[in-house]
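In what follows, a single structure is set out as structure tokens and then discussed.
The values are calculated or read from the model by the stated rules, or taken from the named source; none is laboratory data. The structure displayed is predicted, hence computed values, not measured ones. As a convention, Cβ positions derive from the backbone with ideal geometry for all residues, glycine included, and neighbour counts pool all protein chains shown. Quick note on the areas: whole protein, heavy atoms, side chains included, nothing else; ligands and nucleic acids left out. Shrake-Rupley method; radii C 1.70, N 1.55, O 1.52, S 1.80 Å.
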Amino acid sequence: MALKVPLRKVTVVCERLLRPDILKLLKKHGATGWTITAVEGEGSRGIRASDFEGRNSQIDTIVAPETADAIMTDIAENYFADWAIITYAMDVEVLRGEKYLG
Amino acid sequence: MALKVPLRKVTVVCERLLRPDILKLLKKHGATGWTITAVEGEGSRGIRASDFEGRNSQIDTIVAPETADAIMTDIAENYFADWAIITYAMDVEVLRGEKYLG
Amino acid sequence: MALKVPLRKVTVVCERLLRPDILKLLKKHGATGWTITAVEGEGSRGIRASDFEGRNSQIDTIVAPETADAIMTDIAENYFADWAIITYAMDVEVLRGEKYLG
């Protein structure tokens with residue numbers, strides 16, 4: 001039987017070239033899965049609309065709440081000063097959630 | 001006047017070739033709309049990062065809470081054993097939500 | 001130190017050609033950032049699945065709750081009658097959220 005578990009989805013939107021760094025950071029905190037979407041962006045933290053689609057990357061990962069906090073704090077401390085990057089989290093209910101308890 | 005209705009957004013991330021099956025499953029449960037996004041993914045349920053973008057598909061649909069549960073359970077029972085697929089749900093507030101009461 | 005702030009993410013899914021109008025509307029309400037994702041869609045409000053990917057646009061912006069309501073109401077009043085467009089909102093927790101208080 002499938003198990004429903006309340007977890008957190010953390011979203012990171014960053015320049016495309018930062019992807020390897022962010023995936024490494026996610027793994028360090030125990031995240032075991034993610035999806036990456038090519039997006040355009042513009043924002044207060046410096047992400048610019050691009051002439052072509054997909055210049056920026058949106059990385060989503062689903063983790064335990066305390067892991068979500070740790071990931072976001074790590075990103076803020078190590079990337080906010082020098083990079084155009086934003087991060088936010090939301091509640092999600094995952095089926096077979098025991099797979100995501102990173 | 002626009003009506004705000006609390007509903008659930010169900011997200012399914014799967015291999016691209018599963019898209020027709022999943023859309024058929026959503027329709028069977030009464031979902032009347034969805035968006036599909038090309039994504040890359042890697043995860044504990046076997047979804048792999050691909051050499052090119054968009055090998056996987058993210059399918060989002062907005063439905064009533066009980067429909068969300070039925071969709072996720074159906075996916076778990078019929079696809080988790082053999083496919084790299086994940087599914088999760090979250091609360092959303094939809095304007096003119098009466099259109100989504102599938 | 002990073003600051004966590006509860007805000008709202010508003011999502012708009014519309015035909016690609018409506019993007020400039022929607023971005024202008026978001027700016028009018030004080031939104032200072034957004035991401036745009038190319039999506040396929042089909043739905044009760046008339047958005048059609050396309051022969052190629054990315055015919056529709058998903059626009060996400062993070063704003064204060066009252067701004068989220070104002071944006072959604074504006075979209076409903078000015079676009080629902082004539083366009084295939086949907087909009088919904090969800091709670092998000094943003095790091096360094098003071099940047100998004102549009």
*Work out the mean other chain Cβ neighbour count within 10 Å for the residues of C:25-36 and drop it here as an integer.*
4
_Using a 7 Å offset from Cα along the direction of the beta-carbon, what are the separations from B:P65 to the same position in each other copy, nm, ascending?_
1.8, 1.8
*Once the label point is placed 7 Å from Cα along Cβ, list for C:P6 the distances to the corresponding points in the other copies, in nm, shortest first.*
1.2, 1.3
*Can you list the distances in nanometres, one decimal and ascending, from the B:N78 label point to the identical position in each other copy, with the point 7 Å along Cα to Cβ?*
4.2, 4.2
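Past the 28 Å Cα-Cα mark, which pairs from A:K9/B:K27; B:K28/C:K24; B:K24/C:K28; A:K24/B:K24; A:K9/B:K24? Present the calculation step by step, with values, prior to reporting the outcome.
Values: A:K9/B:K27 26 Å; B:K28/C:K24 38 Å; B:K24/C:K28 40 Å; A:K24/B:K24 36 Å; A:K9/B:K24 26 Å.
Where the Cα-Cα span goes over 28 Å, the pairs concerned are B:K28/C:K24; B:K24/C:K28; A:K24/B:K24.
Using a 10 Å cut-off on Cβ atoms, rank the peptides B:81-87, C:55-61 from the highest mean neighbour count down.
Values: B:81-87: 18.7, C:55-61: 22.7.
Per-residue mean Cβ counts within 10 Å order the peptides as C:55-61, B:81-87.
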*According to a simple spin-label model (label point 7 Å from Cα along Cα-to-Cβ), what is the distance in nm between C:D82 and A:E66?*
5.5 nm
*With the full set of protein chains in place, find how many percent of the accessible area of segment C:52-92 is carbon and sulfur; take the probe as 1.4 Å.*
46 percent
*Shielding of C:82-88 by partners, i.e. mean partner chain Cβ atoms within 10 Å per residue?*
4
